[in-house]
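Notes follow once the structure below has been shown.
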Amino acid sequence: MTLSVQDLRVYYRTLRGEVKALDGVSFELADGEILGLAGESGCGKTTLGKSLIRMDGRMKHVGGRVELDGEELPIGDTVKMNPFRFTEVSIIPQYSMSAMNPTRKIGRMVRELLDSRGVTVDTEELHRRLDLVELDRDVLKRYPMELSGGMKQRMVMVISTLLNPSLLIADEITSALDVSTQKAVVTTLKGFRDLGFVKSMIFITHDISLTNQLADTIMVMYAGKLAEKAPSDAVVNRPRHPYTQLLISSLPEVGVRYADKKLTGIPGNPPSLLDPPVGCRFQDRCPLAFDKCREEPPVVEVEKDHYVACWKA
Amino acid sequence: MRQYFGRKLFIYGLTFFVAVTVNWLIPRFMPGDPVASMVARASISQPEAVAAMQAYYTDLFGLDQSLISQYFNFWAALVTGDFGISIWAYPKPVADVILGAVPYTLGLMIPAILLSWLVGNWAGALAARRKLLDNTVLPVGYILTATPYMWIAILLCWGFGVVLGVLPVAGGYSFALQPSWSWEFIGSLAQHWVLPFASLFLVALGGWAIGMRNMIIYELEADYSNYLAALGAPHRLIRRYAFRNAVLPQITGLALQLGVLVAGALVTEIVFSYPGIGSLILKAIQNKDFFLIQGTFLFIVLGVLIANFIIDVVYVVVDPRTRAGMAGAST
């Protein structure tokens, strides 16, 4: 068992009160597993990713435990968390384009970063990994602005995984890329896992079809809670939660002419997390909602490895 | 690289030409006749003598020629380093008068500007995101930077000169001494330097500290800082990077300051009767001394251009993005 998250609650402190962005999420991630984390904006997926490595100043760890390789991660304590960062948990951020210091040559920045963590640079290994992502070794002698967007992205991928972390969080890293580059990034990430650079991975995205190509398991979140978690093909082909079903059905399909068939979205908006509704958080938008939905549905394993939080599942 | 500096030099050359022309124009279109005032100073009552003197001076300063030829003569003289003869300090050449004042201004301004920049940046960087320090540095900085130079100068004069009586409040050196290379003179020079320096230093300090504090906070919020923090880099490294990036706009600010350096702090020099360029400008204007006004302004223009050129070079060294701009310019 690589990662085990139990009943994790992380709230944002705002002037109007606490925003319950992550409200009791539990899941497990096995060695070598890639978990795709999907959902709308504001469903808590990025909050979950950030919680596992570095919370920002507004985030508050309210409850729950996170264990990585049998050791508890002190996620609420930013100082105690520091030894785990980069070596055990690492992140490829949303903002790869601006993640590197603009006034340092990349090679020097990497060296200074590793030095500050008390690790000496294994130049050969670094070169090997640059070759792997098809980056010229000369990029180390260049400044970030001399690289194209795709090159920066690959460079950040190499830096983030340089210390072979146990868990890698990839946060919306394909959102700004064109389709063919997205495919390349997904292939590279798979390669990183297969070569053992990272033990397991959480791939955060709002793009379910892309997740399907990469992830072994897909977890769908809604309004700070887990909606459904199952092996990729089960989520895509046999979704049980009404939210997942609507999410999948709103995706365009190859070969279908949408002149005849109108693409449907999900009507309505996610609830405010300042004061979320009692019971199932999807009840207001759910076509199947009934009286029982006023009570919160528990997460149930409906078949092997297929977890759903819905009374109708 | 060559093209970049070539282009820069061309722009500086053009600026110089325009500045010199404007500089030549302004005193000539000022109301009042400098020759008449010089003659009046001699207080001669005989009309023939007055006429003779007027003719002599007009000829001497070349004011009887047409404006166009005055203009060309001006350029010709300039190329040979001849700024003309001062009317106020007649018959001393303008160049000598200016060179006499320059050491005082530079000796006052360079330490004041550079030290306030260094100390201000250091204090601001230290205070950013550190509650206790921030709560002290920020208000002190705001008070200092909002204080008018002359007001703090007068306050210092009163405090140290009048109440405590420990420091002299006027002149560049004791009026009892003649400039020489003796320890006594140098000591007197230093004593007279302290208060004007302090007034300039303190006011500038606040501005730099506030600017740096804000820039550092901005840089600590930048993506590269967040990325480093997520990878567990220590605060020291993140702050070092932030400082390096935050200092760039401060360097631009310093360049602007260095530009006005030769102009001196006019008001400060007047408050302390400090014999620098600032006092000189005042006297030149009061006496309608065309040549001295031209000379000092020309000196200021040169100073601004040279300072800016130096900063251009420094920027190329510290900010790799400017180097990219140079490459872009060549395509």
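Some observations on this one:
- The order of the peptides A:197-206, A:243-252 by mean Cβ neighbours within 10 Å, most packed first, is A:197-206, A:243-252.
- For the residues A:196, A:268, A:24, a GNM of chain A with alpha-carbon springs under 10 Å puts the largest fluctuation on A:268.
- Computed magnitude of the charge dipole of chain A (debye, nearest 20; Cβ of K, R +1, Cβ of D, E -1): 840 debye
- Each Lys or Arg adds one and each Asp or Glu takes one away; over the other residues whose Cβ falls under 15 Å from the Cβ of residue B:95, this sums to -2.
- Using a cut-off of 23 Å between Cα atoms, the listed pairs A:183/A:225; A:80/A:190; A:50/A:229; B:8/B:283 include A:183/A:225; A:80/A:190; B:8/B:283 as exceeding that distance.
- Put simply, segment B:94-330 fits an ellipsoid with semi-axes of 38, 24, 14 Å; these come from the alpha carbon gyration tensor as the roots of five times its eigenvalues, largest first.
- Local net charge near residue A:231, Cβ-Cβ under 15 Å (Lys/Arg +1, Asp/Glu -1): -4
- Gaussian network model of chain B, Cα within-10 Å springs - most flexible of B:104, B:315, B:90: B:90
- Proximal lysines relative to residue A:141, as straight alpha-carbon distance under 16 Å, when same-chain residues fewer than 8 apart are discounted: A:105, A:152
- For chain B, averaging the sequence separation of C-alpha pairs within contact (under 8 Å, six or more residues apart) and dividing by the residue count gives a relative contact order of 27 percent.
- Candidates B:88, B:122, B:181, ranked by Gaussian network fluctuation over chain B, Cα under 10 Å, top entry: B:181
- Candidate membrane-span-like segments in chain B, meaning DSSP H helices with Cα atoms spread over at least 20 Å of their own axis and a Kyte-Doolittle mean of 0.5 or above, are B:2-28, B:94-127, B:131-146, B:183-220, B:290-318, with no membrane implied.
- Reachable aspartates and glutamates, given that their alpha-carbon falls under 12 Å from the alpha-carbon of residue A:20 and they are not under 8 places away in the same chain: A:275
- In sequence order, calculated HN-Hα J values of segment A:30-42 (Karplus, 6.51, -1.76, 1.60; Hz; x Gly/Pro): 8, 4, x, 8, 10, 9, x, 10, 10, x, 5, 4, x
- In this rough spin-label picture, where each label sits 7 Å from Cα along the Cβ direction, the residue B:142-residue B:44 distance is 6.4 nm.
- Based on Cα atoms of segment B:2-79, Rg over Rh with Rh as the Kirkwood radius reads 1.21.
- Residues whose amide H lies under 5 Å from that of residue A:63, counting only those 5 or more places away or on a different chain, are A:9; hydrogens are built 1.01 Å from N in the peptide plane.
- Peptides A:305-313, A:130-138, A:215-223, A:68-76, ordered by how many other C-beta atoms sit within 10 Å of their residues on average, highest first, read A:215-223, A:305-313, A:68-76, A:130-138.
- Per-residue mean of foreign Cβ neighbours for B:242-253 is 1 (Cβ atoms of other chains, 10 Å radius).
- Modelled spin-label separation between residue B:306 and residue B:184, with each label point placed 7 Å from Cα along the Cα-to-Cβ direction: 3.4 nm.
- With both residues required to sit in the protein assembly as shown, DSSP beta bridges show an antiparallel share near 65%.
- Each Lys or Arg adds one and each Asp or Glu subtracts one; over the other residues with Cβ under 15 Å from the Cβ of residue A:25, this totals +2.
No value in this document is a laboratory result; all are computed from the given coordinates. The structure displayed is predicted, hence computed values, not measured ones. Virtual Cβ from ideal backbone geometry, glycine too; neighbours counted across all protein chains shown.
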